[in-house]
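Right, one structure below, let's go through it.
The values are calculated or read from the model by the stated rules, or taken from the named source; none is laboratory data. Note that this is a predicted model, so its numbers are computed, not measured. Here the Cβ positions follow ideal geometry from the backbone for every residue, glycine too, while neighbour counts run over all protein chains shown. Accessible surface is based on the protein model in full, side chains and every heavy atom, while ligands, DNA and RNA are left aside. Shrake-Rupley method; radii C 1.70, N 1.55, O 1.52, S 1.80 Å.
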Amino acid sequence: MFTDLAEFHRWFEKRRAAHAYRVTRVPLAALDGWSADPATGDLRHRSGQFFAVHGLDVRVPRRAVEHWQQPIISQPEHGLLGILVRDVGGVPHCLLQAKMEPGNVNALQLSPTVQATRSNYTRVHRGRAVPYLDLFTTLGRGRPLADALQSEQGAWFLAKRNRNVIVRTVEDVPVLDDFCWLGLDQIGRLLAMDDLVNMDTRTVLSHLAGSAAPAAARFHGRALHTLPELLNWLTHHRTTDPTVRRRVPLRETAGWRVTDDEVCHEDGRYFRIIGVDVQAGNREVTAWSQPLLAPCGRGVVAFLVRDVGGTPHVLVRARAEAGTRDTVEIAPTVQCVPANYAHLPADRRPPHLDTVLAAASGPPGRVLFDVVHSEEGGRFHHARNRYLAVRVDGDFPLQTDEDFRWATCGQLAALNQYGGLLNVEARTLLACMGFIP
């Protein structure tokens, strides 16, 4: 337990200094244990597990770009993201981990109690066992507060889902060196800091946002639409969505160059697939090689927030993405990398992006929070998004394009408990809305 955040930061820096971390860029052809399929060029691990990189052909009518091909990460197995909760002096605390990931901008970030792919926790790599795993995989070890299968980045993963689980325990759990107990109010203040609380922690915390989170009171009030109406809207988009996708060989992916060194877009946009060698003394395996997806720009992810009848509402979007399992999920108002649209006409910029950016740079008081968070460092290299919630005036239209709806955060929290309805970017914003003071 930490009496204040200064004590936490001293502990965190000691954990950073306690281990040697090194991530070295290497050509894809030099990755140990990885190879390109002779027929397709797809990247695979020799075990046949972990993940693969292949090509995808996507057609989405009515989008700014209606047809494209791209590399995508295929990781069909379910990972486990678990946070252990225990009351200390009547205050809920979460057991979090200072964990290194090869794609993190700063190596070390705050991870859930357990953050592991199935290949990792079944020890395909023949490394050390994952600490605390049995607290989440053994029924009856604690009281579950949340348990849902959730998607991850649909633009970069194909049908990827992880189990998000929170378990409350009364056991006297030993605290290992790289782990610490943090109160929910402390976590809220850490969420307001750039590149500190990792994506996996944020998505699990989103399941507490509507109830136990420090700022959860702002979630409640009379809603413009009922929950059945929101579900009707989402299901309508899912059942009428015209997205068509099909797998293509990586080396035949149109618009992309596949070399022994990397995979990159011919115009230098979107992202690259690069290779790294990794050394990390405190991981289950202390050295390994792998590909990483490296974005070419920083994203903007935002909610527009407006009071409706005295209750704060956020503007959400039914968004189709290339790799999402059910194609369409509830997404933020804005979710894009602005640089990816620089070559397109102004009328094809993402809706509401300019409203968000203008509010963020305008008079104080409109921005509820503005923080840069890293995305999943186990598969992405220096992937970062600027997460914002910005207020708009009462004259901002309630009647919107059919892709958009106003919802309360309480409604989003209720939908989130069932999994597969909110995308990972919306879940990060939901966690920020609930936890950041």
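Where nothing but the Cβ of Lys and Arg (+1) and of Asp and Glu (-1) is charged, how large is the charge dipole of the range 1-154 around its Cα centre, in debye to the nearest 20? Present the calculation step by step, with values, prior to reporting the outcome.
Details: 19 positive and 14 negative charges, 68 e Å.
Around 320 debye, computed over the range 1-154.
Counting helices only, and only those DSSP H runs with n ≥ 4, report the 222 nm mean residue ellipticity of the chain as the sum of -39,500 (n - 2.57) divided by its residues, in deg cm²/dmol to the nearest 500.
Details: 9 runs with 79 residues, N = 437.
Helix-only estimate at 222 nm: -5000 deg cm²/dmol.
Once neighbouring chains are kept in place and the probe is 1.4 Å, which whole percent of the accessible area of the range 153-309 is contributed by carbon and sulfur?
On the way: 3160 of 6470 Å².
Looking at the range 153-309 in its full context, I get 49 percent from C and S.
Put Lys99, Lys14 in order of accessible area, largest first, 1.4 Å probe: what do you get? Could the numbers behind the result be given before it?
On the way: Lys99 10, Lys14 140 Å².
Largest accessible area first, the list is Lys14, Lys99.
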Listed residues Ala216, Val114, Gly378: farthest to the positive end of the dipole of the chain (Cβ charges): Val114
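Remind me, relative contact order of the range 135-185 in percent, using alpha carbon pairs under 8 angstrom and six or more residues apart? Could you put the intermediate results ahead of the total?
Details: 49 pairs, mean separation 17.7, N = 51.
Once divided by the residue count of the range 135-185, the mean separation gives 35 percent.
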Global size of the range 75-186 as Cα Rg and Dmax, reported in angstrom: 14.5, 43
Under the Karplus curve 6.51 cos²θ - 1.76 cosθ + 1.60, θ = phi - 60°, whole-Hz ³J(HN,Hα) for the range 331-342, x wherever Gly or Pro sits: 10, x, 4, 10, 8, 6, 9, x, 4, 5, 10, 4
Cα centroid of the range 164-210 to Cα centroid of the range 274-294, whole Å: 24
Centroid-to-centroid separation of the range 1-64 and the range 339-401 [C-alpha atoms, Å]: 26
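Quick one: putting +1 on the C-beta of Lys and Arg, -1 on the C-beta of Asp and Glu, what dipole do you get for the chain around its Cα centre, in Debye to the nearest 20?
Numbers: 50 positive and 47 negative charges, 80 e Å.
With only Lys, Arg, Asp and Glu charged at Cβ, the dipole is about 380 debye.
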Relative contact order (percent, whole number), the chain, Cα cutoff 8 Å, 6+ residue spacing: 23
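By accessible area of protein heavy atoms, probe 1.4 Å, what ranking do Trp406, Trp34 get, highest first?
On the way: Trp406 0, Trp34 25 Å².
Per-residue accessible area, sorted high to low, gives Trp34, Trp406.
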Accessible area (Å², per residue) of the range 148-240, counting only protein heavy atoms and a probe of 1.4 Å: 39
Low-density loop cleavage sites - trypsin sites (Lys or Arg not before Pro) in the range 186-289, where at most 11 other Cβ are within 10 Å (DSSP): Arg222
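Give me the percent relative contact order of the range 183-316, please, defined on Cα pairs under 8 angstrom at least 6 residues apart.
So the answer I get is 16 percent.
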